[in-house]
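A short worksheet on the structure shown next.
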Amino acid sequence: MDAQETIKQQVTAHPVVLYMKGTPEFPQCGFSANAVKILNMCGVNDLFAVDVLANPEIRQGIKEYSNWPTIPQLYVNGEFIGGSDIVTEMYQSGELLKLLQK
């Protein structure tokens, strides 16, 4: 399976997917740490996290898949939500919690 097929399978098989640098327990950048913190505050228990540092093909592939140049990237129910800034704004406005509760 190529990177695009792997990514498509991951985002459709799991309700909440975060492509990040590092792991939720040990994030490797502040933006990834921020995204994990927000998802935890929203009560996300079933986060499927993908460490892009462990797989260069996925790291490049996710940028192509979403047409978004930065990581982290959040997907909810197969839909690309955005990166750290968008996730932060959505959390602050209450939109993210509503989306996650659907």
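The values are calculated or read from the model by the stated rules, or taken from the named source; none is laboratory data. No experiment lies behind these values; they were computed from the predicted model shown. Don't worry about glycine lacking a Cβ; one is built from the backbone with ideal geometry, like all the others, and counts go over all protein chains shown.
Sort through Ile38, Ile58, Ile62 and tell me the only one that's farther than 16 Å from Ile7 by Cα, modelled with pLDDT of 95 or more and not basic (Lys, Arg). Let's see the steps before the verdict.
Numbers: Ile58 fails: farther than 16 Å from Ile7 by Cα; Ile62 fails: farther than 16 Å from Ile7 by Cα.
Answer to the check: Ile38.
Output the number of residues of the range 60-74 satisfying the condition of being touching a residue at least 12 places away in the same chain (Cβ under 8 Å) and within 16 Å of Lys21 (Cβ to Cβ). Lay out the reasoning, then the answer.
In the first step, residues of the range 60-74 are kept if they are touching a residue at least 12 places away in the same chain (Cβ under 8 Å); the result is 60-62, 64-66, 68, 70-74.
Among the residues that remain, those that are also within 16 Å of Lys21 (Cβ to Cβ) are: 60-62, 66, 68, 70-74.
So the answer is 10.
Sort out for me the helices (runs of 4 or more DSSP H) sitting completely within the range 9-102 that have 3 or more residues that are within 13 Å of the chain's Cα centre (by Cα) and buried (at least 18 other Cβ atoms within 10 Å of the Cβ).
Values: elements: 30-41, 56-66, 84-93, 95-101.
Helices (runs of 4 or more DSSP H) meeting the threshold: 30-41, 56-66.
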